[in-house]
2 protein chains.
Amino acid sequence: MVHLIVIYDAKAERTRHYRTYLRRHLTHLQQSVFEGDVTAGTADEIRETMDGLVSESAYDAAVVYEVSSQSYLKREAYGDDPADDKHIL
Amino acid sequence: MVHLIVIYDAKAERTRHYRTYLRRHLTHLQQSVFEGDVTAGTADEIRETMDGLVSESAYDAAVVYEVSSQSYLKREAYGDDPADDKHIL
């Protein structure tokens with residue numbers, strides 16, 4: 001498994017495309033940020049899908065961060081953390 | 001140096017507190033996402049500041065991700081990437 005953080009920036013009318021897709025694989029952390037553990041294959045699919053969605057609109061942008069193991073990632077959450085109940089870290 | 005990704009969620013009237021502070025140390029990637037390389041000391045200061053800001057409002061939340069070396073982080077950007085000119089990765 002690999003750990004992904006996915007962020008995107010899109011006009012209001014396009015955000016649902018990102019959310020509907022990303023919700024299938026990751027936890028919706030806040031606004032335009034998703035996080036979670038997926039297989040390497042799913043990580044590749046997510047990158048391809050982000051590439052495709054972003055190419056549909058000149059305004060859109062996205063970044064997919066991957067860490068091969070959570071042990072490389074120090075994560076400190078402040079306030080409410082939707083990832084808490086998913087035991088992300 | 002360590003590599004940080006900082007995300008926050010705050011009501012509109014409070015976002016400037018986060019942006020004004022984070023801009024001093026990191027690149028503003030999009031909406032409520034900042035990223036960049038800082039010293040370990042600055043990373044600790046950023047965590048303390050996020051903790052302090054979040055504690056001021058029940059609604060606010062933030063997550064600070066730290067990767068000790070960029071070699072552990074695979075980063076794919078799609079569309080415009082403000083970090084590009086800062087040679088983040």
**Prompt:** Kirkwood hydrodynamic radius for segment A:2-69: how many Å is it when counted over pairs of different Cα atoms?
**Reply:** 11.9
**Item:** Candidates B:E35, B:E56, B:E66: whichever shows maximal mean-square fluctuation once chain B is modelled as a Gaussian network with Cα springs under 10 Å
**Value:** B:E56
**Message:** Roughly how far apart, in whole Å, are the Cα centres of segment B:1-25 and segment B:37-54?
**Reply:** 10
**Item:** Label spacing, shortest first and in nm, from B:T20 to its equivalents in the remaining copies (7 angstrom along Cα→Cβ)
**Value:** 4.1
**Fill in**
Per GNM of chain A with C-alpha springs under 10 angstrom, the most fluctuating residue out of A:S57, A:S71, A:S32 is A:S71
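I'm a student and want to see the number: the projected area of the Cα convex hull of the protein assembly as shown, averaged over all directions, in nm².
Values: hull surface 38.5 nm².
Over all viewing directions, the protein assembly as shown projects a mean Cα-hull area of 9.6 nm².
Computed over the Cα atoms of segment A:40-89, what is the ratio Rg over Rh, Rh following Kirkwood? List each step's numbers first, then the result.
Details: Rg = 14.3 Å, Rh = 13.4 Å.
Result for segment A:40-89 is an Rg/Rh of 1.07.
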**Label distances, nm, B:S57 versus same residue in remaining copies, Cβ-directed 7 Å point** = 2.4
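Can you put B:H3, A:H25 in order, fewest other beta carbons within 10 Å first? Before the final figure, lay out the partial values.
Numbers: B:H3 22, A:H25 18.
The fewest-first ordering by Cβ neighbours comes to A:H25, B:H3.
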**Prompt:** Given label points at 7 Å from Cα along Cα→Cβ, what nm distances, shortest first, separate B:K74 from the same residue in every other copy?
**Reply:** 2.4
**Item:** Listed residues B:L29, B:L73, B:L53, most fluctuating in chain B (Gaussian network, C-alpha, under 10 Å)
**Value:** B:L73
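Ignoring everything except DSSP H segments at least 4 long, calculate the 222 nm mean residue ellipticity for chain B; use -39,500 (n - 2.57) per segment, divide by total residues, nearest 500.
Details: 2 runs with 24 residues, N = 89.
The helix-only estimate for chain B comes to -8500 deg cm²/dmol at 222 nm.
Only the coordinates and a few stated rules stand behind these numbers; no lab work does. Note that the coordinates shown come from a computational prediction; the quantities given were computed from them, not determined experimentally. Heads up, the Cβs are rebuilt from the backbone with ideal geometry, glycines too, and the neighbour counts pull from every protein chain shown.
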